[in-house]
Amino acid sequence: MNLLHFQFHLLTDRKEQRQPFHEIAELAEKSGVDYFQLREKKLQPIELLKIARHIRPFLIRTKLIINGSLDVALAAEADGVHLQKENLPVSEVRRRFPSLMIGYSAHSAEEIRQAERDGASYIFASPVFTPISKPSYLSPIGCEELSKWTADCKAPVVALGGITPSNLKEVMQAGASGAAGISLFLKNGYFDSKGMVI
């Protein structure tokens, strides 16, 4: 499996993880994870900022992304922010912060195209399979549909939802530029002390 240009996005979930945030950040850095997304939607901004500032020194090569909160991303000097439909528009954030990394969660081919036009740095496509860590009100799209979503999209499209080491090759063949998840890293033994386990 050629992983040379494939990227990995770790999403946090304090209810699922057994280790403190900084230990997971250390593992992400050691293991070659490309993006560490602090995704704790139930936390107040001040709490999220405290965690982000604590883990920031542990992430050097790995990019720190804050989910849903532009102000926390800026205050924590994170590398980027990840937005959903209910957050600020990608186009507005891109206009104001042209060099900031901006991710977006899309649930249709149309949303992917719009996010690309608006200047998203990368786009999550989900759920590809039935999510493992969280319930979803959306039906899995599958890899055949994913391949349609990725077609002609110049921005990196990252597969999310039910991604495991066993279906990673299928996701890559569908045109995904990367894979994201919680369970992918925290439940599947994807991490060890020496690096990622494929």
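Could you tell me which numbered condition Ala75 fails, if it satisfies all but one of (1) within 25 Å of Lys42 (Cα to Cα); (2) under 16 Å from the mean Cα position of the chain (by Cα)?
(2)
Looking only at residues that are closer than 16 Å to Val81 by Cβ and free of Cβ contacts under 8 Å to residues at least 24 places away in the same chain in the range 52-65, which one is surrounded by the fewest Cβ atoms within 10 Å (Cβ to Cβ)?
Residue satisfying both the conditions and the ranking: Arg53.
Could you identify the single residue in Ala115, Ala78 that is modelled with pLDDT of 95 or more, within 25 Å of Ala159 (Cα to Cα) and assigned to a loop (DSSP other than H, G, I, E, B)?
Ala78
Residue by residue through the range 97-112, note down the ones that are of a type in the set (Gly, Ala, Ser) and in a loop (DSSP other than H, G, I, E, B).
Within the range 97-112, Ser99, Ser108 meet the criteria.
Among the residues that make up the range 120-131, is at least one of them more than 18 Å from Ser108 (Cβ to Cβ), at pLDDT 95 or above, of a type in the set (Ser, Thr, Tyr) and in contact with a strand residue (DSSP E or B) (Cβ under 9 Å, 6 or more places away or on another chain)?
yes
Suppose the filter is out of contact with any Asp or Glu (no Cβ under 8 Å at 6 or more places or on another chain), outside any loop (DSSP other than H, G, I, E, B) and farther than 26 Å from Val72 by Cα; does Val171 pass it?
So Val171 passes the test.
Got at least one residue in the range 175-189 being part of a helix (DSSP H, G or I), small (Gly, Ala, Ser), in contact with a Phe, Trp or Tyr (Cβ under 7 Å, 6 or more places away or on another chain) and modelled with pLDDT of 90 or more?
No: the range 175-189 contains no residue that is part of a helix (DSSP H, G or I), small (Gly, Ala, Ser), in contact with a Phe, Trp or Tyr (Cβ under 7 Å, 6 or more places away or on another chain) and modelled with pLDDT of 90 or more.
Mind listing whichever residues of the range 131-155 are surrounded by 14 or more Cβ atoms within 10 Å (Cβ to Cβ) and over 18 Å from Asn167 (Cβ atoms)?
Result: Cys153, Ala155.
Report every pair of residues separated by at least 6 positions or lying on different chains whose Cβ atoms are under 9 Å apart, first residue within the range 38-51 and free of Cβ contacts under 8 Å to residues at least 12 places away in the same chain, second assigned to a loop (DSSP other than H, G, I, E, B) and among the acidic types (Asp, Glu).
Glu47/Glu40
Evaluate the following for Lys169: is it touching a residue at least 60 places away in the same chain (Cβ under 8 Å) and surrounded by fewer than 22 Cβ atoms within 10 Å (Cβ to Cβ)?
Yes: the conditions hold for Lys169.
Quick one: count up the residues across the range 141-166 that are part of a helix (DSSP H, G or I) and either free of Cβ contacts under 8 Å to residues at least 12 places away in the same chain or not aromatic (Phe, Trp, Tyr) (or both).
Count: 8.
The values are calculated or read from the model by the stated rules, or taken from the named source; none is laboratory data. Note that the structure is a prediction, hence the values are computed from the model and not measured. Virtual Cβ from ideal backbone geometry, glycine too; neighbours counted across all protein chains shown.
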